[in-house]
Amino acid sequence: MSKVSITKSRSLDDHVSNQGIHGYVTVQKYTASTGTWETIDQYHPNLLTTEGRDFFHAQVYTNVAAGTRGSNFIAVSTDATAPAAGDTALTAEITTNGLARIQATTINHTDNANVTLIEHEWTASGTHTNVQKVGLFNIIAAGIMTHEGTFTAASLISGDKLKVSYTVNLG
């Protein structure tokens with residue numbers, strides 16, 4: 001049986017706004033040597049980038065042909081700078097040792113609920129120090145970064161797991 005500890009906790013209700021597209025990130029770390037999960041940060045608000053906003057407008061209103069994917073590829077980073085609306089890439093994106101960008105394994109939306117859950121769990125195959133930023137993208141490489149957020153830094157060694165749960169609301 002795994003033990004769970006919480007480092008930072010917030011209530012989703014503490015941050016839910018009825019204004020605009022927004023989302024929240026919950027990050028958990030599994031330490032293989034102790035068999036325990038730790039909640040690194042919970043319901044941490046994130047920023048919708050300018051490019052992400054334009055992407056949503058195009059997806060919902062102006063695209064006349066199929067061809068682009070939803071924003072459900074998750075990437076993490078060691079970058080400590082604050083997110084900015086003009087960011088178009090995830091600085092210091094991790095591409096090795098088990099934490100590379102990937103399409104989320106959980107992509108759930110319930111009609112009439114105004115909530116989408118985009119979630120993935122990585123297993124580190126090497127050492128990562130101060131993983132502390134996350135981004136959502138529309139493709140596996142490059143692409144449009146639609147959301148960007150920071151969380152409390154976590155360091156991992158081979159066998160540890162990192163789970164990111166992105167909760168997104170549309171106004």
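The values are calculated or read from the model by the stated rules, or taken from the named source; none is laboratory data. Please read these numbers as outputs of a predicted model, since none were measured by experiment. All Cβ positions, even for glycine, are placed from backbone atoms using ideal geometry, and neighbour counts span all protein chains on display. Accessible surface is based on the protein model in full, side chains and every heavy atom, while ligands, DNA and RNA are left aside. Shrake-Rupley method; radii C 1.70, N 1.55, O 1.52, S 1.80 Å.
Brief remarks follow.
- Pairs, first farther than 15 Å from V25 by Cβ in region 100-117, second polar (S, T, N, Q) and open to solvent by 60 Å² or more (accessible area, probe 1.4 Å), C-beta under 8 Å, six or more apart: R101/T95
- Flag if L162 is surrounded by 15 or more Cβ atoms within 10 Å (Cβ to Cβ), touching a residue at least 60 places away in the same chain (Cβ under 8 Å) and either more than 16 Å from the chain's Cα centre (by Cα) or assigned to a loop (DSSP other than H, G, I, E, B) (or both): no
- Residue count, region 130-159 (criterion: touching a residue at least 60 places away in the same chain (Cβ under 8 Å), crowded, with 18+ Cβ neighbours inside 10 Å and out of contact with any Gly (no Cβ under 6 Å at 6 or more places or on another chain)): 10
- Each residue in region 119-143 was checked for being touching a strand residue (DSSP E or B) at 6+ places or on another chain (Cβ under 8 Å) and either farther than 23 Å from T88 by Cβ or modelled with pLDDT under 90 (or both), and 10 of them qualify.
- Residues that are open to solvent by less than 50 Å² (accessible area, probe 1.4 Å) and among the polar types (S, T, N, Q), drawn from region 19-49: T26, Q28, T31, T36, T39, Q42, N46, T49
- Of all residues in region 114-129, one or more are closer than 23 Å to D54 by Cα and part of a loop (DSSP other than H, G, I, E, B).
- Breaking point among (1) assigned to a strand (DSSP E or B); (2) touching a His at 6+ places or on another chain (Cβ under 8 Å), for L99: (1)
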